[in-house]
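Peer 1: Just dropping this structure here.
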There are 2 protein chains.
Amino acid sequence: MALKGPNGEKTRKRTRSRASSAASIRDVARVAGVSTASVSRCINNSGTLSDGTRERVLAAIDELNYTPNSLARDFRRGRTFMLLVVLPSVGDPFFTDVMRGVHAEAGRRGYGIVISDTQHNSLSANEVETLLISRQADGIILFGTASPFATEILSSRRRRAIPIVIGCEAIAPELKRYPSVQIDNVLAARQATEHLIDLGHRRIAFVAGVGGSMLTADRERGYRAALEAAGKRVSAATVVAGDLSVAGAAAAAKRLLAVDPRPTAIFCANDEMAIGAASAIAEQGLRIPEDMSLVGFDDTRYAAVMQPPLTTIRQPAERIGMRSVQRICKLIEEPSALRDNPEPEIVAHELIVRASTGPVPNGR
Amino acid sequence: MALKGPNGEKTRKRTRSRASSAASIRDVARVAGVSTASVSRCINNSGTLSDGTRERVLAAIDELNYTPNSLARDFRRGRTFMLLVVLPSVGDPFFTDVMRGVHAEAGRRGYGIVISDTQHNSLSANEVETLLISRQADGIILFGTASPFATEILSSRRRRAIPIVIGCEAIAPELKRYPSVQIDNVLAARQATEHLIDLGHRRIAFVAGVGGSMLTADRERGYRAALEAAGKRVSAATVVAGDLSVAGAAAAAKRLLAVDPRPTAIFCANDEMAIGAASAIAEQGLRIPEDMSLVGFDDTRYAAVMQPPLTTIRQPAERIGMRSVQRICKLIEEPSALRDNPEPEIVAHELIVRASTGPVPNGR
DNA sequence: CTGTTAGCGCCTTCAG
DNA sequence: CTGAAGGCGCTAACAG
């Protein structure tokens with residue numbers, strides 16, 4: 001810690017003396033022979049400025065190689081132009097696609113993105129607060145991570161209203177006041193399950209997310225609804241917990257394949273888990289779809305190239321990301337919008353039938 | 001745009017009047033009956049402070065629910081505690097793993113991460129400058145994106161030395177002065193190719209990245225080196241450009257399969273492309289490895305669950321991310337280190353032989 | 001159209 | 001051990 005010798009001292013000299021630090025707005029003003037206010041007006045295109053002044057300022061900026069210090073700027077304006085995005089796993093290709101949309105739209109609007117990956121853990125309200133306050137993000141987007149701390153965050157918010165948008169997730173009642181962007185997960189999962197029922201399957205298993213993961217809770221709900229609607233024709237629900245990961249689902253599927261009587265179809269709450277399940281199925285020497293039908297959820301870029309290609313639900317991932325950013329920006333830029341009580345925004349999904357699903361095996 | 005009515009006016013009131021804005025250090029000082037200096041000392045554990053004072057400050061902080069304004073803080077300190085990470089594709093599962101390491105280590109050290117995804121495009125020095133200067137990141141990590149603008153960024157750097165670390169990438173001579181963390185890509189690719197040669201393959205194709213992508217240039221070099229070393233025993237190199245993506249490689253592999261005489265093995269410069277290639281191979285009714293051996297690079301989480309499991313090169317992705325952050329932090333926290341001329345840090349790779357490679361088909 | 005002025009919230013000398 | 005004071009770089013009134 002304690003630097004010995006003259007070297008350490010040297011570096012601790014007062015700020016003023018740092019050699020040739022970056023040019024400041026004052027330097028530009030001096031060189032251009034104008035006031036700092038004019039420089040400011042020039043770089044922000046605000047107020048009015050004569051062409052002559054503008055040119056001299058621009059020349060000075062060029063000469064000094066001046067770039068505004070955005071720390072000072074953000075401080076002054078009270079804005080960071082940073083968006084905090086909280087999601088369960090940056091590794092999931094679905095979220096990757098969502099983030100592509102987020103990055104594109106944010107970049108277009110001059111915002112940076114800070115990501116907080118909860119690694120599928122639930123996030124405490126406190127952590128979010130800290131992230132938000134200490135990082136001073138202008139707004140926060142919660143993708144599939146909102147509900148665990150919904151009540152907390154609401155009650156602890158004696159502070160100023162913070163722009164929050166929720167994406168991809170079942171919206172708990174107490175979160176209804178926040179804008180959200182999502183597909184109808186219940187309906188989508190129901191349709192996927194009905195697709196299997198229509199193919200004649202009666203023993204359809206479901207690989208869910210982590211215990212009580214809100215991200216997939218609605219999907220399980222849709223699955224159960226389909227089974228119930230089919231009534232006596234299908235057997236009771238068989239649900240196991242994957243952990244939304246490839247490896248977790250491989251293990252979960254293995255257990256499923258040991259059940260007697262064995263299911264004839266497996267519906268996974270996301271594509272990642274379907275990949276894991278496919279591997280477990282192959283390992284047991286079973287074929288897809290002849291011995292086992294398989295359905296995923298998300299239509300990630302891997303779904304179409306799996307062997308066989310995966311039947312799944314397509315979510316407009318990039319669009320969800322893009323819209324979330326648009327909505328958070330609106331909240332940020334028009335604070336009055338914070339008092340609106342917006343409708344959840346439901347975007348369209350689509351059941352993509354590929355070769356991983358087929359008729360139920362004979363006599364089963 | 002133009003808000004009509006009194007509403008618009010209201011929101012434009014001077015900053016002073018914003019209702020109950022967050023507590024400032026002055027408020028805390030007033031409530032605690034001390035000076036702002038003491039509050040500062042308390043929250044930063046700097047200087048000296050009597051227990052009594054500390055307690056009163058802490059009480060005031062608690063009462064006011066005070067959180068330091070990090071905009072002001074960063075401004076004052078000239079630090080953002082943000083790291084800029086530039087990479088070719090956040091979607092690639094390899095980089096996802098790298099980023100897991102980055103996030104973990106950065107979080108541990110109190111840094112936030114801003115990601116710039118170049119989408120495999122090359123990044124101009126100007127863009128990097130802008131990103132760096134305007135965002136005022138404390139440092140920048142370039143993963144597989146450095147070389148295209150190496151010369152540029154070096155020549156345009158009349159500014160202060162900026163902490164830069166380069167990862168996963170062939171280091172061009174003019175970048176040698178920057179710390180870097182990477183595997184030995186040439187050697188790894190050579191070993192993968194030799195593995196195929198040892199299995200008896202003589203027509204081995206290579207699916208490279210985008211035209212001249214530095215990220216995979218070394219891998220192509222290793223591939224060619226292995227072929228040359230094997231001399232007459234193997235035919236000339238067959239290299240096609242994928243674009244590091246699943247879809248791009250599927251198309252590239254398709255072309256490869258139409259070549260006469262057809263290769264008996266395909267080595268892809270990353271796993272993503274191997275996934276695409278596998279799909280193209282299956283589509284042609286060919287089996288892996290009986291008709292076609294396939295090798296990837298990265299050992300992403302999908303490699304082991306592919307059908308058949310993929311032979312590939314394992315890179316310590318998380319470790320690369322972690323080490324990169326550690327090194328950038330060192331540069332940031334000990335500016336004198338900027339003047340060091342560090343050795344590139346080579347981390348260990350490993351050839352993982354799985355079932356996607358086998359002996360060359362009879363009579364070919 | 002342009003300059004002057006007054007801070008934003010915090011940290012850090014410098015005195016006491 | 002503590003308080004007073006100055007200023008980081010920029011922007012936004014307010015005068016001229």
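Peer 1: Can you find, within the range B:197-217, the residue that is farthest from the other protein chains (Cβ to nearest Cβ) among those that are in a helix (DSSP H, G or I) and touching a residue at least 24 places away in the same chain (Cβ under 8 Å)? Break it down into steps so the answer makes sense when it comes.
Peer 2: Filtering the range B:197-217 for residues in a helix (DSSP H, G or I) gives B:197-198, B:214-217.
Now restrict to residues that are touching a residue at least 24 places away in the same chain (Cβ under 8 Å): B:197, B:214-217.
On the way: B:Ile197: 27, B:Met214: 22, B:Leu215: 18, B:Thr216: 19, B:Ala217: 25 Å.
My answer is B:Ile197.
Peer 1: What is the residue count in the range B:270-295 for residues that are closer than 20 Å to A:Glu283 by Cβ and not in a helix (DSSP H, G or I)?
Peer 2: Total meeting the criteria: 5.
Peer 1: Go through A:Ala280, A:Ala269, A:Ala274 for me and flag whichever is crowded, with 19+ Cβ neighbours inside 10 Å, within 11 Å of another protein chain (Cβ to nearest Cβ) and closer than 24 Å to A:Arg100 by Cβ.
Peer 2: Among A:Ala280, A:Ala269, A:Ala274, only A:Ala274 is crowded, with 19+ Cβ neighbours inside 10 Å, within 11 Å of another protein chain (Cβ to nearest Cβ) and closer than 24 Å to A:Arg100 by Cβ.
Peer 1: Which ones in the range B:218-261 are crowded, with 19+ Cβ neighbours inside 10 Å and part of a loop (DSSP other than H, G, I, E, B)?
Peer 2: Within the range B:218-261, B:Gly242, B:Asp243, B:Leu244, B:Ser245 qualify.
Peer 1: In addition: Could you go through the range A:15-24 and let me know if any residue there is farther than 30 Å from B:Thr300 by Cβ, at pLDDT 90 or above and within 16 Å of DNA strand C (Cβ to nearest atom). Let's see the steps before the verdict.
Peer 2: Filtering the range A:15-24 for residues farther than 30 Å from B:Thr300 by Cβ gives A:15-24.
Cutting the leftovers down to at pLDDT 90 or above gives us A:24.
After this cut, where a residue has to be within 16 Å of DNA strand C (Cβ to nearest atom) as well, the list is A:24.
Within the range A:15-24, one or more residues are farther than 30 Å from B:Thr300 by Cβ, at pLDDT 90 or above and within 16 Å of DNA strand C (Cβ to nearest atom).
Peer 1: Return the residues of the range A:28-55 that are near DNA strand D (Cβ under 9 Å from one of its atoms) and among the polar types (S, T, N, Q); say none if nothing qualifies.
Peer 2: Those that are near DNA strand D (Cβ under 9 Å from one of its atoms) and among the polar types (S, T, N, Q): A:Ser35, A:Thr36, A:Ser38, A:Ser40, A:Asn44, A:Ser46.
Peer 1: I need the full set of residues from the range B:32-54 which are within 9 Å of DNA strand C (Cβ to nearest atom) and small (Gly, Ala, Ser), in order please.
Peer 2: B:Ser35, B:Ala37, B:Ser38, B:Ser40, B:Ser46, B:Gly47, listed by residue number.
Peer 1: Just the residues that are farther than 16 Å from A:Arg77 by Cα and of a type in the set (S, T, N, Q), please, taken from the range A:41-55. Break it down into steps so the answer makes sense when it comes.
Peer 2: Taking the range A:41-55 first, the residues farther than 16 Å from A:Arg77 by Cα are A:42, A:47-55.
Matches in the range A:41-55: A:Thr48, A:Ser50, A:Thr53.
Peer 1: Going residue by residue through the range A:40-63, is there one that turns out to be within 13 Å of chain B (Cβ to nearest Cβ), touching a residue at least 40 places away in the same chain (Cβ under 8 Å), out of contact with any Phe, Trp or Tyr (no Cβ under 9 Å at 6 or more places or on another chain) and part of a helix (DSSP H, G or I)?
Peer 2: no
Peer 1: Now a separate question. Which of (1) surrounded by fewer than 17 Cβ atoms within 10 Å (Cβ to Cβ); (2) touching a His at 6+ places or on another chain (Cβ under 8 Å) does A:Thr264 not meet, given it meets every other one?
Peer 2: With (1) surrounded by fewer than 17 Cβ atoms within 10 Å (Cβ to Cβ); (2) touching a His at 6+ places or on another chain (Cβ under 8 Å) applied to A:Thr264, the lone miss is (1).
Peer 1: Would you mind stating whether B:Leu294 is within 12 Å of chain A (Cβ to nearest Cβ), closer than 22 Å to B:Ala274 by Cβ and crowded, with 22+ Cβ neighbours inside 10 Å? Steps first, answer last, please.
Peer 2: On the way: within 12 Å of chain A (Cβ to nearest Cβ): no; closer than 22 Å to B:Ala274 by Cβ: yes; crowded, with 22+ Cβ neighbours inside 10 Å: yes.
Spelling it out, it is not the case that B:Leu294 is within 12 Å of chain A (Cβ to nearest Cβ), closer than 22 Å to B:Ala274 by Cβ and crowded, with 22+ Cβ neighbours inside 10 Å.
Peer 1: Now for a separate question. For the range B:305-315, how many residues are outside any loop (DSSP other than H, G, I, E, B), surrounded by fewer than 24 Cβ atoms within 10 Å (Cβ to Cβ) and touching a helix residue (DSSP H, G or I) at 6+ places or on another chain (Cβ under 8 Å)? Break it down stepwise before answering.
Peer 2: Keep residues of the range B:305-315 that are outside any loop (DSSP other than H, G, I, E, B), which gives B:305, B:311-314.
Okay, now just the ones that are also surrounded by fewer than 24 Cβ atoms within 10 Å (Cβ to Cβ), so B:305, B:314.
Restricting the remaining residues to those that are touching a helix residue (DSSP H, G or I) at 6+ places or on another chain (Cβ under 8 Å) gives B:305.
Count: 1.
Peer 1: Could you list all residues from the range A:74-101 that are at the interface with another protein chain (Cβ under 10 Å from one of its Cβ atoms), crowded, with 20+ Cβ neighbours inside 10 Å and farther than 14 Å from A:Ile141 by Cβ?
Peer 2: A:Asp74, A:Phe75, A:Thr80, A:Ser89, A:Gly91, A:Asp92, A:Pro93, A:Thr96, A:Asp97
Peer 1: Go through the range A:335-364 and count every residue that is within 21 Å of the chain's Cα centre (by Cα), of a type outside the set (A, V, I, L, M) and within 30 Å of A:Ser293 (Cα to Cα).
Peer 2: 2
Peer 1: Taking only pairs six or more apart or across chains, which ones have beta-carbon atoms under 9 Å, a first residue in the range B:67-87 that is closer than 21 Å to B:Thr118 by Cβ, and a second residue that is within 16 Å of DNA strand D (Cβ to nearest atom)?
Peer 2: Note: pairs meeting the criteria are B:Met82/B:Asp74; B:Met82/B:Arg135; B:Met82/B:Gln136; B:Met82/B:Asp138; B:Leu83/B:Asp138; B:Leu84/B:Leu132; B:Leu84/B:Arg135; B:Leu84/B:Asp138.
Peer 1: Do you know which residues across the range A:56-87 are of a type in the set (Phe, Trp, Tyr) and either more than 39 Å from the chain's Cα centre (by Cα) or more than 14 Å from DNA strand D (Cβ to nearest atom) (or both)? Write out each step before concluding.
Peer 2: The initial filter retains those residues of the range A:56-87 that are of a type in the set (Phe, Trp, Tyr), namely A:66, A:75, A:81.
None - no residue of the range A:56-87 is of a type in the set (Phe, Trp, Tyr) and either more than 39 Å from the chain's Cα centre (by Cα) or more than 14 Å from DNA strand D (Cβ to nearest atom) (or both), so the list stays empty.
Peer 1: Condition test on A:Arg287, is it in contact with a strand residue (DSSP E or B) (Cβ under 6 Å, 6 or more places away or on another chain) and without any contact (Cβ under 8 Å) to a residue 40 or more places away in the chain?
Peer 2: On the way: in contact with a strand residue (DSSP E or B) (Cβ under 6 Å, 6 or more places away or on another chain): no; without any contact (Cβ under 8 Å) to a residue 40 or more places away in the chain: yes.
Spelling it out, it is not the case that A:Arg287 is in contact with a strand residue (DSSP E or B) (Cβ under 6 Å, 6 or more places away or on another chain) and without any contact (Cβ under 8 Å) to a residue 40 or more places away in the chain.
The values are calculated or read from the model by the stated rules, or taken from the named source; none is laboratory data. Owing to the predicted nature of the structure, the values given are computational and were not obtained by experimental measurement. Here the Cβ is made from the backbone with ideal geometry for all residues, glycine too, and neighbour counts use every protein chain on show.
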